[in-house]
Amino acid sequence: MPNKKTPRREPLTLDDVREIALAMPEVEETTAYGMSAFKAAKKRFAGQPVERAGVDPNSLGVYMSFEERDRRIASRPDVYYLIDHFLKYPAVLVRLANIGRNELREILGAAWRQAMEQSGPARRKRRKSSASTKAGRR
């Protein structure tokens with residue numbers, strides 16, 4: 001019986017990230033430090049890292065908790081990684097060539113939810129009340 005090879009999938013790219021991210025509510029593509037970035041309700045949740053030593057080509061930075069970041073790096077160091085510059089940020093670098101579309105969708109969705117929660121109604125309400133307070137002082 002002939003051995004059938006599974007077709008190798010094409011590596012994911014920023015275009016795949018864009019397609020997934022822009023399908024989510026309240027997401028806009030913008031730039032940060034001259035690189036493509038994605039914001040949910042005006043809060044950045046993913047983007048291309050600035051090219052610098054140690055950043056692999058075709059990588060993506062995704063915001064997540066330090067705990068989640070450490071767990072992902074430990075379980076999949078071929079996909080998730082850090083360089084010294086990013087140690088202090090709650091984010092991880094992702095090698096798009098080594099991640100599947102479903103996993104990318106899952107981590108972008110989690111980062112999107114976190115951004116939406118941080119920009120939630122209570123935060124928007126505080127902004128409005130502080131703006132009206134400032135207006136009342138004039």
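The length gained on full extension between LEU22 and GLU51, counted as 0.36 nm times the residue separation minus their Cα-Cα distance, comes to 8.1 nm. How high is the relative contact order of region 1-114, in percent, counting Cα pairs under 8 Å that sit 6 or more residues apart? For region 1-114, the relative contact order is 26 percent.
Sparsely packed loop sites in region 28-107 (the GluC sites (Glu not before Pro) outside DSSP H, G, I, E and B with at most 15 other Cβ atoms within 10 Å) comprise GLU51.
Here's the picture: a label point sits 7 Å out from the Cα of ARG44 along the beta-carbon direction, and within region 72-99 the residues with their amide nitrogen under 19 Å of it are 81-96.
Every number here is computed from the coordinates shown, using simple stated rules; none is lab data. Just so you know, these numbers come straight off a predicted model, no measurement behind them. Glycine gets a Cβ as well: all are built from the backbone with ideal geometry, and neighbour counts include every protein chain shown.
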